[in-house]
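Bear in mind that the values in this text are calculations on the coordinates, not laboratory data. Values in this document were obtained by computation on a predicted structure and should not be read as measured data. Because the Cβ atoms are built from the backbone with ideal geometry, glycine has one as well, and the counts that use them run over all protein chains shown.
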Amino acid sequence: MSTRATETDPSAPDDAPVYEERVSLLDRVPRVVWLVGLGLAGLGVWQGIVALELTSRILLPGPAETFEEVISTAGNIITGGHVAEALWLTTQEVVWGFLAASALGFALGVVVGETKFGQVAVMPYLVAFNALPKVAFAPVFVAWLGFGINSKVVMATFIAFFPVIVDTAAGLASADKDTVMLFRSMGASRWQTLRKLKLPGALPFIFAGLKTASVFAVVGAVVGEYLGGGGGLGELVRLSSQQLRIDRVFALIFYLSVVGLALFAIVGWIERRIVFWHRADPSDVVSA
Amino acid sequence: MLRVEDLSKTYVRNDVHALDRINLTVKDGQFVSIIGASGCGKSTLLKIMAGLIPPSSGRVLLDGTPVLGPRPDIGMMFQQATLLPWRTALENVLLPIEIRDGAKAAHARSDLAVELLGLVGLAGFEKAYPGELSGGMAQRVAICRMLIIEPSVLLLDEPFGALDELTRERMNEELQRICTERQATAFMVTHSIAEAVFLGDALFVMSARPGRIVEVVPIDIPRPREFSVTTEPHFGEIVQHVRSRLDLGEQL
Ligand SMILES: Nc1ncnc2c1ncn2[C@@H]1O[C@H](COP(=O)(O)OP(=O)(O)OP(=O)(O)O)[C@@H](O)[C@H]1O
Ligand SMILES: [Mg+2]
């Protein structure tokens with residue numbers, strides 16, 4: 001059989017086509033180049049729009065002016081000026097709002113994910129609740145809790161807690177069926193199954209929810225300040241835009257995103273310590 | 001002795017008649033293999049025998065007492081190793097003790113767990129996480145986890161289905177040695193006729209759904225068996241016989 005195969009198998013000519021391995025351009029160029037390149041391109045477009053005077057300078061300041069404003073704001077922050085005060089207030093609101101959203105979201109997530117009652121009776125209300133335009137509640141919270149920090153913390157919590165519920169419940173439900181059976185066969189109580197199997201298994205999901213919440217908490221705090229006054233970066237944004245100081249608005253938004261990113265990074269850092277057995281998710285640009 | 005009497009199971013939710021009047025006996029220290037078409041109710045039977053789900057009618061008796069829920073003297077093993085990825089091999093093995101008697105008791109039995117891991121050729125892997133183990137190694141950890149509470153009955157649901165042929169043969173020899181050593185009663189579901197014949201003292205053939213036992217094939221190959229018996233004519237005859245029964249079962 002083998003001899004027949006060699007007899008009828010003429011060796012290929014030297015100029016026969018070769019199945020070449022192709023490395024895509026994306027892989028050949030270091031990823032930093034792509035990252036920086038795209039960023040610069042974005043700035044270029046921005047600068048282009050400003051240079052061609054497609055809009056008025058007042059409505060759209062250029063990258064250079066914005067950068068200047070970011071630097072001078074940094075000066076204000078370092079020397080403990082009014083922006084530093086506002087930043088500190090907003091940070092407090094975000095952190096408290098995030099912590100409250102995490103606790104509330106986790107607790108409700110366990111109820112929804114672990115109990116039949118939660119699944120049948122609680123979850124439909126939560127889904128309906130999530131469809132509400134939550135931002136519209138800001139004035140209500142101000143009316144109830146005043147112009148101080150409380151109404152903003154509640155607003156941040158209010159906007160941020162839902163994803164934590166959904167992800168916690170999904171994480172608990174993701175427990176492998178056979179492993180759940182195994183726990184039952186070992187005589188594990190419901191609490192033991194939750195503690196030793198479902199909760200650890202849900203951690204990657206829970207952290208995904210917490211990351212979403214960390215970003216949402218900033219939105220909630222700023223919306224609260226914006227609509228409910230009383231101080232903070234959101235209040236400064238409102239004042240600056242009324243004065244048509246768009247460059248300052250941009251600078252303030254920059255520092256707001258720093259608050260959100262810092263919280264996001266801290267949550268990601270804790271996740272990598274705790275959930276060591278699980279591959280990081282694609283939004284985790286730090287460890288990628 | 002493990003007895004199943006007139007056991008039937010219908011899943012009410014989707015009206016699937018999975019098992020139909022199953023009667024069987026597994027004697028103490030006996031190794032019984034069960035084989036049948038996919039979906040004929042083997043896993044269902046195993047779960048009922050383990051007390052994990054109730055039967056629709058009939059009952060399961062272990063040493064004369066009815067099985068009414070999960071029991072500590074029954075050890076289970078599944079097709080997948082089902083290890084907890086956040087626990088080391090050693091911690092996974094100790095899990096059943098931790099659940100039954102608490103973390104302190106589990107810690108006190110570490111030596112036994114280390115010994116078991118050594119027994120299945122995993123010495124030095126105590127601190128490894130499941131993500132760092134191969135499929136066969138993970139399955140061996142699962143065996144240790146089943147054995148640590150010294151169950152008198154082992155219920156195995158395609159325990160080596162996910163393994164490659166060579167590893168599977170080694171695991172079969174391992175399991176035979178462990179069962180003989182401990183005089184454990186074992187009931188194993190498998191899709192491999194060779195595995196069923198190699199390990200079993202008897203082989204139950206199940207019909208397609210609703211699952212019934214259509215034949216009990218005694219396997220009189222002397223123990224301890226080495227994998228070379230699989231090439232002997234007598235082994236081949238039994239395999240051939242089981243195959244013909246299975247085909248018959250499909251037609252029923
Ligand atoms: N929890 C369940 N609810 C409803 N029906 C089920 C359930 N579990 C199994 N069944 C049905 O019962 C039948 C038998 O299932 P079972 O898992 O016992 O088969 P099996 O013999 O183990 O199959 P396989 O060899 O593929 O593992 C199947 O038709 C399946 O659809
Ligand atoms: Mg099955």
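Here the 3J(HN,Hα) profile of the stretch B:88-96, calculated from phi with Karplus coefficients 6.51, -1.76 and 1.60 at θ = phi - 60°, is 5, 3, 4, 5, 5, 5, 7, 3, x Hz, Gly and Pro shown as x.
Under a 5 Å amide H cut-off, with hydrogens placed 1.01 Å from N, B:E215 pairs with B:V205 among residues at least 5 apart or on other chains. Note on A:V122 and B:S244: the model spin-label points, each 7 Å out from Cα along the C-beta direction, lie 6.2 nm apart. Lysine pair count for chain A (Cα-Cα distance under 27 Å; residues 8 or more apart in sequence or on different chains): 10. Once the Cβ-Cβ distance of A:L239 and A:A173 is raised to the sixth power relative to R0 = 60 Å, the FRET efficiency obtained is 0.80. Ordering B:I221, B:I97 by the number of other Cβ atoms within 10 Å of each residue's own Cβ, fewest first, gives B:I221, B:I97. Quick check on chain B: helices-only [θ] at 222 nm, where DSSP H runs of length 4 and up contribute -39,500 (n - 2.57) each and the sum goes over total residues. Nearest 500, please. After summing the helix terms and dividing by the residues of chain B, the value is -11500 deg cm²/dmol. For A:G229, no residue 5 or more places off, or on another chain, has a built amide H under 5 Å of its own.
Between the alpha-carbon centers of the stretch A:136-154 and the stretch A:172-225, tell me the distance in whole angstrom. First find each Cα centre; the distance between them is then 30 Å. Between the stretch B:16-77 and the stretch B:137-166, how many Å separate their Cα centres? The two parts, judged by their Cα centres, are 18 Å apart.
Applying the Karplus relation 6.51 cos²θ - 1.76 cosθ + 1.60 with θ = phi - 60° to the stretch B:195-200 yields 3J(HN,Hα) values of 5, 4, 6, 4, 8, x Hz, where x marks Gly and Pro. Before anything else, pin down the relative contact order of chain A: Cα pairs under 8 Å, at least 6 apart, normalised by residue count, whole percent. Relative CO of chain A lands at 22 percent. Note on B:93-100: average number of Cβ atoms from other chains within 10 Å of each residue's Cβ is 4. Close amide-amide hydrogen proximity is noted between B:A18 and B:K9, B:T10, B:Y11, each under 5 Å apart and 5 or more residues distant or on a separate chain (H modeled in the peptide plane; Pro and chain starts excluded). All Cα-Cα distances of chain B, cut into 10 Å bins from zero to the largest, leave 7, 30, 35, 22, 6, 0 percent in each bin in turn. Here the mean projected area of the convex hull built on the C-alpha positions of chain A is 27.9 nm². Taking each DSSP H run with n ≥ 4 as -39500 (n - 2.57) and averaging over every residue of chain A yields -23500 deg cm²/dmol at 222 nm.
Against the compact-protein benchmark of 2.2 N^0.38 Å, the Cα-based radius of gyration of the protein assembly as shown scales to 1.35.
Each 10 Å bin from zero holds the following percent of Cα-Cα pairs in the stretch A:98-183: 17, 39, 28, 11, 4, 1.
Per-residue 3J(HN,Hα) values for the stretch A:178-186, derived from phi via the Karplus relation 6.51 cos²θ - 1.76 cosθ + 1.60 with θ = phi - 60°, read 5, 5, 4, 4, 4, 4, 4, 5, 7 Hz in sequence order (x marks Gly and Pro).
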